[in-house]
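Asks: Here it is, the structure, as structure tokens.
The values are calculated or read from the model by the stated rules, or taken from the named source; none is laboratory data. Note that the coordinates shown come from a computational prediction; the quantities given were computed from them, not determined experimentally. Glycine also receives a Cβ, built like all others from the backbone with ideal geometry; neighbour counts cover every protein chain displayed.
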Amino acid sequence: MIRSKSNPQIVLRPQDLVVLLRLVIADGSAITYAALAADLSLTASEAHAAVERAVKAQLARKDSGGKASVVRDALRLFIQYGARYCFPATRGGMTRGMSTSYAAPPLKERIVQGADPIPVWPHKKGTVRGLAFYPLYPTVPEASERNAALYELLVLFDAIRGGSLRERALALELLDARLQP
């Protein structure tokens with residue numbers, strides 16, 4: 001009998017990108033896994049596992065004390081060239097939620113909106129109606145309510161993964177400015 005071996009390949013998960021974007025905002029400040037988990041509505045073990053996968057994917061590194069930091073150039077390249085293929089935009093019907101992509105800051109001020117329904121993350125506390133644009137991870141709306149800077153990064157990511165060519169270019173320009181150390 002031939003036994004199959006399990007696949008040891010590391011696979012990034014959507015929450016890993018959310019954790020990386022949150023670490024970008026920390027800007028070098030030490031943040032515990034418990035605090036990271038509370039900010040993102042994850043468990044501490046999920047936050048830890050996300051950082052470990054990011055380190056193995058060379059999107060983050062740990063110093064001698066175990067503190068994680070984002071490799072910003074690698075993250076930018078991953079978002080520009082790979083993330084939209086790994087985490088493609090998933091859309092649905094009309095719903096109530098939080099605006100995203102071109103319909104939320106910082107893109108909202110730069111892109112003229114037409115008459116079409118805007119993209120929104122479905123969310124029970126949402127204040128706008130639009131077409132469902134499912135968030136990268138289910139806890140994204142709650143985390144975005146608590147952290148405006150994270151909300152902007154996730155909005156830019158949504159524009160990159162699901163926007164038009166013009167929206168993607170503008171979102172990348174704004175993301176570059178935010179990823180500068």
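Asks: Name the single residue that is surrounded by the fewest Cβ atoms within 10 Å (Cβ to Cβ) among those in the stretch 8-21 being part of a loop (DSSP other than H, G, I, E, B) and within 15 Å of the chain's Cα centre (by Cα).
Replies: Arg13
Asks: Please go through (1) within 21 Å of Phe157 (Cβ to Cβ); (2) aliphatic (A, V, I, L, M); (3) at pLDDT 95 or above; (4) more than 14 Å from the chain's Cα centre (by Cα) for Leu40 and return the number of the only condition it doesn't satisfy.
Replies: Just one mismatch for Leu40, condition (4).
Asks: May I ask you to list the residues in the stretch 55-81 that are within 13 Å of Leu12 (Cα to Cα), over 13 Å from the mean Cα position of the chain (by Cα) and not in a loop (DSSP other than H, G, I, E, B)?
Replies: Val55, Lys56, Ala60
Asks: Against the conditions (1) under 13 Å from the mean Cα position of the chain (by Cα); (2) in contact (Cβ under 8 Å) with a residue 12 or more places away in the chain, where does Pro138 fall short? Just the number, please.
Replies: Unmet for Pro138, out of (1) under 13 Å from the mean Cα position of the chain (by Cα); (2) in contact (Cβ under 8 Å) with a residue 12 or more places away in the chain: (2).
Asks: Out of the stretch 86-107, which residues are under 16 Å from Leu156 (Cβ atoms) and surrounded by 15 or more Cβ atoms within 10 Å (Cβ to Cβ)?
Replies: As a first pass, look at the stretch 86-107 and keep what is under 16 Å from Leu156 (Cβ atoms): 87, 89, 98-107.
Answer for the stretch 86-107, where residues must be under 16 Å from Leu156 (Cβ atoms) and surrounded by 15 or more Cβ atoms within 10 Å (Cβ to Cβ): Phe87, Ala89, Met98, Ser99, Thr100, Ser101, Tyr102, Ala103, Ala104, Pro106, Leu107.
Asks: While we're looking at this one, here's another question. Among the residues of the stretch 44-60, are any over 22 Å from Leu170 (Cβ atoms) and of a type in the set (Asp, Glu)?
Replies: yes
Asks: Something else: I'd like to verify a number: residues in the stretch 67-85 that are within 20 Å of Ala47 (Cα to Cα) and either among the small types (Gly, Ala, Ser) or assigned by TED's automatic domain parsing to the domain that holds Leu170 (or both), how many? Break it down stepwise before answering.
Replies: Step one: list which residues in the stretch 67-85 are within 20 Å of Ala47 (Cα to Cα), which gives 67-72, 74-75, 78-79, 83.
Those still in the list that are either among the small types (Gly, Ala, Ser) or assigned by TED's automatic domain parsing to the domain that holds Leu170 (or both) too: 68-69, 74, 83.
Going through the stretch 67-85 one residue at a time, the tally reaches 4.
Asks: Moving on. Can you report the number of residues in the stretch 103-130 which are charged (D, E, K, R) and within 19 Å of Arg168 (Cβ to Cβ)?
Replies: Just the residues of the stretch 103-130 that are charged (D, E, K, R), to begin with: 108-110, 116, 124-125, 129.
Restricting the remaining residues to those that are within 19 Å of Arg168 (Cβ to Cβ) gives 108-110, 116.
Going through the stretch 103-130 one residue at a time, the tally reaches 4.
Asks: So, Asp39, is that one outside the structural domain of Gly162 (by TED's automatic domain parsing) and in contact (Cβ under 8 Å) with a residue 60 or more places away in the chain or not?
Replies: So Asp39 passes the test.
Asks: Of the residues Tyr85, Tyr137, only one is part of a helix (DSSP H, G or I) and among the hydroxyl-bearing types (Ser, Thr, Tyr); which?
Replies: Tyr85
Asks: Oh, and also: Any residue that is loosely packed, with under 13 Cβ neighbours inside 10 Å and closer than 25 Å to His123 by Cβ - is there at least one of those in the stretch 22-42?
Replies: Yes; the residues of the stretch 22-42 include at least one that is loosely packed, with under 13 Cβ neighbours inside 10 Å and closer than 25 Å to His123 by Cβ.
Asks: In this structure, does Ala83 turn out to be in contact with a helix residue (DSSP H, G or I) (Cβ under 9 Å, 6 or more places away or on another chain), under 24 Å from Glu145 (Cα atoms) and either crowded, with 19+ Cβ neighbours inside 10 Å or small (Gly, Ala, Ser) (or both)?
Replies: Yes, satisfied.
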